[in-house]
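What follows is one structure encoded as structure tokens, with my remarks underneath.
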Amino acid sequence: MTVILHAENVNFLYGEQHAVRDADLTLNRGEVAAIMGSSGSGKSSLLYCLAGVLPPASGTVTFDGMVLSSLPDVELSALRRERIGFVFQYGELLDELTAEENAALPLRLAGVPKDRAHAAAARILARLGLGDLLRRRASKLSGGQRQRIAVARALVHQPDVVFADEPTGALDSSNASTVLEEFLRLAKEQDTAVVIVTHDPQVAAKADTQYMMVDGVLAQSVTA
């Protein structure tokens, strides 16, 4: 297996308070890893350190051989835009855009022509059961439909890693299970690695590897 992401002795502080303490994590291509923990445990802070959004106070995060802290801002932004996807708890869609326009955003930001970007978005939305809602504005869609669009947006550019912060936390149990299954199935097909932070053991159980975070400390992994 090929390592795509490696974190070593990562620390992150809010003021003088440690949110993340000496965290180590290795993620292989195509692997799904879940970081469990209660609210305030530091799991989201770690997620954003791994994604290069928050700079660690100390330690290193290496993405495909590149130490993120050593990259100029323009290169780091390009890496996040082109090789990383994000899924957030509430989708974070642009309400004035259609389902297709929202899903196509990563490709459009990467300079892909509109017709090609929208065709790719339409294909993945169809896989997620939204083929008949391509032109519907996001503001007119249900929570489950919006989160499927968020998944499509995260995967449409076939990133190396998707970081998902409580991706089903705002959904009812039926929608949560369906969206998660579709998300992980498509990611596996693309050989895209996924890091999920969650407080839900049922979500974590879908991962290949599970971690537990307590008071900023990442416990040893457990193979699911």
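Here are the numbers for this structure:
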quantity: Criterion (touching a Phe, Trp or Tyr at 6+ places or on another chain (Cβ under 6 Å), surrounded by fewer than 20 Cβ atoms within 10 Å (Cβ to Cβ), at pLDDT below 95 and closer than 21 Å to Gly42 by Cα) met by exactly one of Ala170, Ala219; calculated: Ala170
quantity: Sole residue being modelled with pLDDT of 95 or more, assigned to a helix (DSSP H, G or I) and not polar (S, T, N, Q), chosen from Arg80, Arg116; calculated: Arg116
quantity: Among the residues listed as Glu96, Glu92, Glu100, the single one being in contact with a helix residue (DSSP H, G or I) (Cβ under 8 Å, 6 or more places away or on another chain), closer than 24 Å to Lys206 by Cα and outside any strand (DSSP E or B); calculated: Glu92
quantity: Residue check, Val203 out of contact with any Phe, Trp or Tyr (no Cβ under 7 Å at 6 or more places or on another chain), touching a residue at least 60 places away in the same chain (Cβ under 8 Å), part of a helix (DSSP H, G or I) and over 19 Å from Arg81 (Cα atoms); calculated: yes
quantity: Candidates Arg146, Arg81, Arg136, filtered to the one that is out of contact with any Leu (no Cβ under 8 Å at 6 or more places or on another chain) and either touching a residue at least 12 places away in the same chain (Cβ under 8 Å) or within 30 Å of Met66 (Cα to Cα) (or both); calculated: Arg136
quantity: Flag if Arg153 is assigned to a helix (DSSP H, G or I) and either of a type outside the set (Val, Ile, Thr) or over 30 Å from Val3 (Cβ atoms) (or both); calculated: yes
quantity: Options Ala164, Ala187; residue that is among the aliphatic types (A, V, I, L, M), closer than 13 Å to Phe86 by Cα and part of a strand (DSSP E or B); calculated: Ala164
quantity: Filter pass, Leu5 being touching a residue at least 12 places away in the same chain (Cβ under 8 Å), within 14 Å of the chain's Cα centre (by Cα), surrounded by 14 or more Cβ atoms within 10 Å (Cβ to Cβ) and assigned to a helix (DSSP H, G or I); calculated: no
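Per-residue answers, yes or no, for (1) free of Cβ contacts under 8 Å to residues at least 12 places away in the same chain; (2) crowded, with 16+ Cβ neighbours inside 10 Å; (3) in a strand (DSSP E or B):
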site	(1), (2), (3)
Ala23	no, yes, yes
Leu27	no, yes, yes
Gly30	no, yes, no
Ala34	no, yes, yes
Gly40	yes, no, no
Ser45	no, yes, no
Cys49	no, yes, no
Leu54	no, yes, no
Ser69	no, no, no
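The values are calculated or read from the model by the stated rules, or taken from the named source; none is laboratory data. As the structure is a prediction and not an experimental result, all values here were calculated from the model. FYI the Cβ positions are ideal-geometry reconstructions off the backbone, even for glycines, and counts take in every protein chain you see.
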